[in-house]
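The values are calculated or read from the model by the stated rules, or taken from the named source; none is laboratory data. Everything numeric in this text was worked out from a predicted model, so none of it was measured. All Cβ positions, even for glycine, are placed from backbone atoms using ideal geometry, and neighbour counts span all protein chains on display.
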Amino acid sequence: MVPASPAHADVVVLDCLESTTATYSPAIVNTAQSITVNASSTASCTGLPLGYTSATASDQYTVTLGCTDLLQFPTGTKTYTWNNSSTSTFSFTRINNRVVNGTTVVELVGSITAGTFQGAGVSATAVALNSQLDACSTTGVAELNYTGNVAILGL
C-alpha cells in the first residue's frame, strides 16, 4: 500500500501594477514635523491563483517628515482587499530608497502575515517623480502620486 500524497497548497504567483495617492496633513515642508499620511491604492493583477485580478488598499499613519526624507516609507502594514472581498495583510520593511533618472524609487519586502495568501513573500517597488517635490520650499507637498509593482510569491 502506498500512502496518499499530501495535498499541495495553492500556488501564488501574482504580479500587480499598483497606483497610490498619498495625502499629507499638514503639507510637508523643508522642516520636519508630525504629518498624518493617508494612502489609497488600486492594483491590477495577473497570475495565479486565477480570479485575483484587482485589489484596493488604504492606510493611515502619523510620522515625522520633512521634504528631505519624504519618500522614505516607514516599516508597517498594508491590507489589500481583493476583487472577491477577501483580504491579505502585507507587513513590510523598506530596504532601499534611491534616485534614478529624476525619480525616487522605494523598494519594500515582507510577507503576507494574515488573511488570503498568508505566508507568501512580497516584494514591492514604488516610484514618485521628484518634480512633485518642487513645492517643498513654497506651499508644501500635500499630495504625491506613486506607481509601482507588487509581486506576491508563495507555494
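Restricting attention to the range 114-139, and to residues there that are buried (at least 17 other Cβ atoms within 10 Å of the Cβ) and either in contact with a Phe, Trp or Tyr (Cβ under 9 Å, 6 or more places away or on another chain) or among the charged types (D, E, K, R) (or both), which single residue is nearest to Ser25 (Cα to Cα)? If we take residues in the range 114-139 being buried (at least 17 other Cβ atoms within 10 Å of the Cβ) and either in contact with a Phe, Trp or Tyr (Cβ under 9 Å, 6 or more places away or on another chain) or among the charged types (D, E, K, R) (or both), then Ala128 is nearest to Ser25 (Cα to Cα). Quick one: would you say Leu65 is buried (at least 18 other Cβ atoms within 10 Å of the Cβ), closer than 20 Å to Asn149 by Cα and at pLDDT below 90? So Leu65 fails the test. The residues of the range 16-32 that are surrounded by fewer than 15 Cβ atoms within 10 Å (Cβ to Cβ) and part of a strand (DSSP E or B), listed by number, are Leu17, Ser19, Thr21, Ser25, Pro26.
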